[in-house]
Every structure is written in structure tokens, then in C-alpha cells.
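Please treat every number below as a calculation from the coordinates, not as lab data. What you are looking at is a predicted structure, and each value in this text was computed from that prediction instead of being measured.
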Amino acid sequence: MAASRALSSALRLLARSRPPLSACTRSNSNRAAIGHLQRQRYGRLYPLLLVSTDGSTVRLRYGEPKRILMMPLDSNTLPEAERKARLRRQFPSKPKAKEEETFEGIDLDTYKKFWKK
């Protein structure tokens, strides 16, 4: 019995010396300089229109502010003609090099009046 009284009095003293769990801590600029805040990059969700490959659309909430998000199209499922047409649109052919103009047949004396002296 004496041991339990001693234990309970020791626990009471220990409880008085520690602050309660709901003790307020100071949150100021010094604390923010020590470590980063534990939160998401974007705290809210933004409306988004998701467009699938068959053209159907779904409205949902997304973590980044975007308006439309398109799902990638699998080119292996397309017919051969449409796949080649898409590749031609995506990677157009290089323009042909033009021939340089030569000034051999031009009479420069006719343009002499436009030159600065």
C-alpha cells in the first residue's frame, strides 16, 4: 500500500512539472527558416477537363491549375494511312533550299541615284 502511494505521488509531481499536451508553441519566422512546411505544393484542387483518346470528356479535380489534359494516343491501334498522316503532320518535311540570286544581269548605273554620297 505504501508503495502505491509513493508511486501515485511521484506521478502527480511528474504531471505538474510537464506542460499539458495542448501547450501552445511559438510559430514565427525563425521556425519557418529552420525547416519547410509539411504541405502539398497546391493545397486546393482545380477543375480539369480530361479528354480520352476516343474523344469522350470527363470533368474532374486536379492538383495543378490546368484547363485541359489530353490522354496520349496509341499509334499502334490506328490504321496505317492515319498513322502515316499523323507522323507527316508531327514531323513535316524540311523546306527546300532556294537558289541564291545573282546580280550579273542588273545594270547598277540605273540605281546610282539612290546611293548616298
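Here's how it looks for Leu73: its modeled amide H is under 5 Å from none belonging to a residue 5 or more places away or on a different chain.
Straight-line cross-link partners of Lys94 among the lysines, defined as a Cα under 19 Å from its Cα and at least 8 positions apart when in the same chain: Lys84.
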